[in-house]
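Data first, discussion second: the structure below is written as structure tokens.
The values are calculated or read from the model by the stated rules, or taken from the named source; none is laboratory data. Given the structure is predicted, the values throughout are model-derived calculations rather than measurements. Backbone-built Cβ (ideal geometry, glycine too); neighbour counts: all protein chains shown. Protein only, heavy atoms only, side chains kept; ligands, DNA and RNA dropped before computing areas. Shrake-Rupley method; radii C 1.70, N 1.55, O 1.52, S 1.80 Å.
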Amino acid sequence: MESFVIEGGHQLEGTIIPQGAKNEALEVICASLLTSDPVRITNVPDILDVNNLIKLLKDVGVKVTQNGCYDYTFQADEVNLDFLDSVDFVQKCARLRGSVLMYGPLLGRFGKATIAKPGGDKIGRRRLDTHFLGFKSLGAKFVYDAVRNVYQIHGYQLKGTYMLLDEASITGTANIIMAAIMAKGTTTIYHAACEPYIQQLCHLLNQMGANISGIGSNLLTIVGVDRLHGATHRILPDMIEVGSFIGMAAMVGNGVRIKDVSLRNLGPIPDAFRRLGVKIKVEDDDLVIPHQAHYIVDSFLDGTIMTLADAPWPGLTPDLLSVLLVVATQARGTVLIHQKMFESRLFFVDKLIDMGAQIILCDPHRAVVVGQDHHIQLRAGRMTSPDIRAGIALLIAAMSAKGTSRIENIEQIDRGYQDIEKRLNELGAHIQRVND
């Protein structure tokens, strides 16, 4: 197991470029399963979750060519359908959360898939009901295999239909879209997720010959087609990494420029930090975060305490609440962080409290942060990363703390952040990767 050893108190200065979006990469790479033609994808992030998905696709028989740095071509013209039903495949899927996005394209193109419970973050229950209900609406049948604890799903003649999703699940929407692309007739998906990465998936599929309308809204209409062909696609910058860099620059920055952020696809993220008082300048498609001697939390118009809560797009992504919470510990003022979607995602705040942060954990979903305005510097500590986003939040806290901290289980951070210690050290951080 590897850990980060972080010497706190060093300021960041300079320019950093965000990686390609993790969540979009998982979706569009899986979309290559829908055609036998080559699909070229650029700006693919070099992170653990994506690399493990690529390895899994190779095991399935997908031909993967690396054309250059972050540039891949995928060709699924010789998929091994027998391997898709093997114990080896099921075990590998169970260790990788992103494997869930293979089920829609496998069902849509080949009419069958074997579904295991996927791995990933330890942030509470993440149900797959939306995926299953969508597949059933299209005519798929499920058979439970108790011996292997998997579901066999069959749908050789999927038919378009109207469906109202029970929740605006991002992966559920992506899976249902990919399953419906070649279904007979028209599929209407209401209450669909509409994040930029879902929009990107739809644009790629339309390039491949699909017929999807309503992109960017929560009402998608898909007219089934007989086949798809190859295409070329570039992945957006990762909005969560952009938000993470804003948080780092606010806490320990001495002038940081975040380049090429695709501002129009960041939604409410910059304004969420501005509500904490963080100053952000926009220059073309860059964000410039000047040194923040102080940042003062806004209040609502009636004077009540500011609340930051997650919501489906175009609301605030839950993936950034951990970072916003850490940034709030050194603001001037008080803020309520309300994490509505995952019941275990705020438990990492115990580590911040140990470091000297003034936080009241009200329940599994709400935490009140009393900002210290740099009057009380966080103390160094020894911590374990429970998930990707809590891991990066703890890293930010350690960079601002007095003394040397250690973060264990950094594989969780590696799942979502590319060469993070190298890139931050180039800005002035002191982070060392060590083997335990």
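Summary of computed values
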{"read-out": "From the options ARG423, ARG433, residue that is closer than 18 Å to MET239 by Cα, modelled with pLDDT of 95 or more and open to solvent by 20 Å² or more (accessible area, probe 1.4 Å)", "value": "ARG423"}
{"read-out": "Failed item, numbered, when LYS55 is tested on (1) free of Cβ contacts under 8 Å to residues at least 12 places away in the same chain; (2) open to solvent by less than 10 Å² (accessible area, probe 1.4 Å)", "value": "(2)"}
{"read-out": "When residues of segment 81-101 are limited to those that are at pLDDT 80 or above and either in a loop (DSSP other than H, G, I, E, B) or among the hydroxyl-bearing types (Ser, Thr, Tyr) (or both), the one least open to solvent (accessible area, probe 1.4 Å)", "value": "SER99"}
{"read-out": "Count of segment 58-67 residues which are open to solvent by 30 Å² or more (accessible area, probe 1.4 Å) and either closer than 22 Å to HIS233 by Cβ or not in a helix (DSSP H, G or I) (or both)", "value": "6"}
{"read-out": "Whichever residue in segment 402-420 is of a type outside the set (A, V, I, L, M, F, W, C) and assigned to a helix (DSSP H, G or I) and, among such residues, is surrounded by the most Cβ atoms within 10 Å (Cβ to Cβ)", "value": "GLN412"}
{"read-out": "Filter result for the condition that a residue is open to solvent by 60 Å² or more (accessible area, probe 1.4 Å), among the hydrophobic types (A, V, I, L, M, F, W, C) and more than 30 Å from ARG40 (Cβ to Cβ), over ILE305, ILE246, ILE280", "value": "ILE305"}
{"read-out": "Checklist (1) open to solvent by less than 20 Å² (accessible area, probe 1.4 Å); (2) over 28 Å from ALA113 (Cβ atoms) applied to GLU24, failing item", "value": "(2)"}
{"read-out": "Hits in segment 334-358 (condition: over 25 Å from the mean Cα position of the chain (by Cα) and buried (at least 19 other Cβ atoms within 10 Å of the Cβ))", "value": "MET355, ALA357"}
{"read-out": "Complete set of residues in segment 41-53 that are in contact with a strand residue (DSSP E or B) (Cβ under 8 Å, 6 or more places away or on another chain) and at pLDDT below 95", "value": "none"}
{"read-out": "Residue match in segment 154-176 (condition: in a helix (DSSP H, G or I), of a type outside the set (Val, Ile, Thr) and open to solvent by 60 Å² or more (accessible area, probe 1.4 Å))", "value": "no"}
{"read-out": "Failed condition for ASP373, given (1) in contact (Cβ under 8 Å) with a residue 40 or more places away in the chain; (2) open to solvent by 30 Å² or more (accessible area, probe 1.4 Å); (3) within 22 Å of ALA249 (Cβ to Cβ)", "value": "(2)"}
{"read-out": "Qualifying positions in segment 19-40 - touching a strand residue (DSSP E or B) at 6+ places or on another chain (Cβ under 6 Å) and outside any helix (DSSP H, G or I)", "value": "PRO38, VAL39, ARG40"}
{"read-out": "Where a residue in segment 63-76 is without any contact (Cβ under 8 Å) to a residue 24 or more places away in the chain and more than 14 Å from ALA25 (Cα to Cα) and its partner, wherever it lies, is open to solvent by 80 Å² or more (accessible area, probe 1.4 Å) and not in a loop (DSSP other than H, G, I, E, B), with Cβ under 7 Å and at least six apart", "value": "VAL64/LYS58"}
{"read-out": "Of residues in segment 200-234 being of a type in the set (A, V, I, L, M, F, W, C) and touching a Phe, Trp or Tyr at 6+ places or on another chain (Cβ under 9 Å), the one surrounded by the fewest Cβ atoms within 10 Å (Cβ to Cβ)", "value": "LEU219"}
{"read-out": "Residue list for segment 380-401, restricted to those being within 17 Å of VAL252 (Cα to Cα), out of contact with any Leu (no Cβ under 7 Å at 6 or more places or on another chain) and part of a loop (DSSP other than H, G, I, E, B)", "value": "ALA380"}
{"read-out": "Residues of segment 115-141 that turn out to be in contact with a Lys or Arg (Cβ under 7 Å, 6 or more places away or on another chain) and at pLDDT 80 or above, as a count", "value": "2"}
